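The values are calculated or read from the model by the stated rules, or taken from the named source; none is laboratory data. Just so it is clear, the model here is predicted, and its values are computed rather than measured. Every residue, glycine among them, receives a Cβ derived from its backbone with ideal geometry; neighbour counts consider all protein chains shown.
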Amino acid sequence: MSSAITLPEPGPSTGSGNEAVRARGLNRVFAAKRGPGVQALADVDLDVAPGEFVSLIGPSGCGKSTLLRLIADLDSPTSGELTVFGKSARQARLDQDYGIAFQQAGLLPWRTVSANIELPLKLHGADRTTRRTRVAELIELIGLRDFAGSYPDQLSGGMQQRVAIARALAESPRLLLMDEPFGALDEMTRERMQDELVRIAAETEAAVVFVTHSIPEAVFLSDRVVVMSPRPGRIADTVAVNVAAAARDDALREDDTFFRSVAAVREALHGVPTGGVRGVENR
């Protein structure tokens with residue numbers, strides 16, 4: 001891996017005020033026509049440091065995507081406090097502090113790879129020279145130089161997701177929000193995309209909040225895996241994976257560190273009490 005950054009060992013945050021994401025007592029209740037409504041999130045406290053990769057994992061319906069949507073200002077909390085780089089989620093969105101990628105790439109079929117990546121820059125008024133330079137940088141970053149003029153239907157699923165990630169990075173956000181972006185890919189492509197994401201996160205130094213249902217994926221990618229409880233979603237446990245970015249390669253998937261971390265997350269998902277943040281040491 002190239003251009004790896006050195007991250008502090010993950011652990012409980014004291015809330016310095018410089019966090020990429022800081023949530024305190026976050027609740028989200030969806031109104032119902034009858035009754036008290038559905039509580040999706042309950043008293044969520046979460047810190048994500050700048051440059052840190054944090055995965056959210058838990059059973060279906062536990063509020064992982066809801067939490068991501070709150071951070072992205074696509075929804076609003078019922079109560080509690082939420083800041084992104086010390087700002088409200090709305091202000092962070094207006095300042096283009098984050099990029100977001102979903103399970104479906106969502107590329108515009110009538111725009112080429114270059115034009116899809118360029119779109120957010122164009123929408124926010126960047127001049128043509130700036131757009132051209134940034135698109136060229138991103139196409140190089142995702143390794144699709146030979147496909148810059150191709151259309152989405154000429155690309156594989158993995159290539160489309162790389163374009164979606166590049167589009168999310170177009171405005172150099174300090175935070176990348178990802179909601180199961182590799183969920184629809186076959187296993188081999190998924191592993192290749194995980195490798196690519198590790199490299200991209202290291203080279204851009206962006207913090208990442210990543211939603212997934214896959215325990216191995218969460219462990220391979222993350223500095224910390226945040227385990228959420230069934231609805232109403234709470235943070236039930238946190239597993240720290242103390243592996244340097246440069247060591248997150250194919251060999252890690254066969255390493256004892258990886259298997260111990262997978263086991264720790266699996267235990268947490270099955271409700272084994274652990275008493276706080278668990279750490280799995282570097283190999």
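Numbers below:
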{"quantity": "Residues satisfying the stated conditions in segment 19-43, i.e. within 11 Å of residue 77 (Cα to Cα), free of Cβ contacts under 8 Å to residues at least 40 places away in the same chain and either among the aliphatic types (A, V, I, L, M) or crowded, with 24+ Cβ neighbours inside 10 Å (or both)", "calculated": "none"}
{"quantity": "Criterion violated by residue 99 - all others in (1) closer than 24 Å to residue 23 by Cβ; (2) of a type in the set (Gly, Ala, Ser); (3) assigned to a helix (DSSP H, G or I) satisfied", "calculated": "(3)"}
{"quantity": "Boolean, residue 136 is small (Gly, Ala, Ser) and more than 27 Å from residue 18 (Cα to Cα)", "calculated": "yes"}
{"quantity": "Every residue from segment 117-154 that is within 18 Å of residue 193 (Cβ to Cβ), assigned to a helix (DSSP H, G or I) and of a type outside the set (D, E, K, R)", "calculated": "117, 138, 139, 141, 147, 152"}
{"quantity": "Restricting segment 163-221 to residues that are surrounded by fewer than 22 Cβ atoms within 10 Å (Cβ to Cβ), of a type in the set (Gly, Ala, Ser) and farther than 24 Å from residue 130 by Cα, the residue that is modelled with the lowest pLDDT", "calculated": "184"}
{"quantity": "Residues within segment 95-125 that are free of Cβ contacts under 8 Å to residues at least 12 places away in the same chain and either farther than 24 Å from residue 52 by Cβ or among the β-branched types (Val, Ile, Thr) (or both), tallied", "calculated": "4"}
{"quantity": "Count of residues meeting criterion [surrounded by 22 or more Cβ atoms within 10 Å (Cβ to Cβ), in a loop (DSSP other than H, G, I, E, B) and out of contact with any Asp or Glu (no Cβ under 6 Å at 6 or more places or on another chain)] in segment 45-78", "calculated": "3"}
{"quantity": "Among residues of segment 139-162, those that are out of contact with any Lys or Arg (no Cβ under 8 Å at 6 or more places or on another chain), crowded, with 19+ Cβ neighbours inside 10 Å and aliphatic (A, V, I, L, M), counted", "calculated": "1"}
{"quantity": "Subset of segment 191-241 [assigned to a strand (DSSP E or B), of a type in the set (Gly, Ala, Ser) and farther than 22 Å from residue 171 by Cα]", "calculated": "233, 236, 240"}
{"quantity": "Some residue of segment 53-71 being in contact with a Cys (Cβ under 9 Å, 6 or more places away or on another chain) and at pLDDT below 95", "calculated": "no"}
{"quantity": "Some residue of segment 170-178 being in a loop (DSSP other than H, G, I, E, B) and free of Cβ contacts under 8 Å to residues at least 60 places away in the same chain", "calculated": "yes"}
{"quantity": "Qualifying residue in segment 117-134 (condition: more than 17 Å from residue 177 (Cα to Cα), surrounded by 15 or more Cβ atoms within 10 Å (Cβ to Cβ) and either of a type in the set (Asp, Glu) or at pLDDT 95 or above (or both))", "calculated": "yes"}
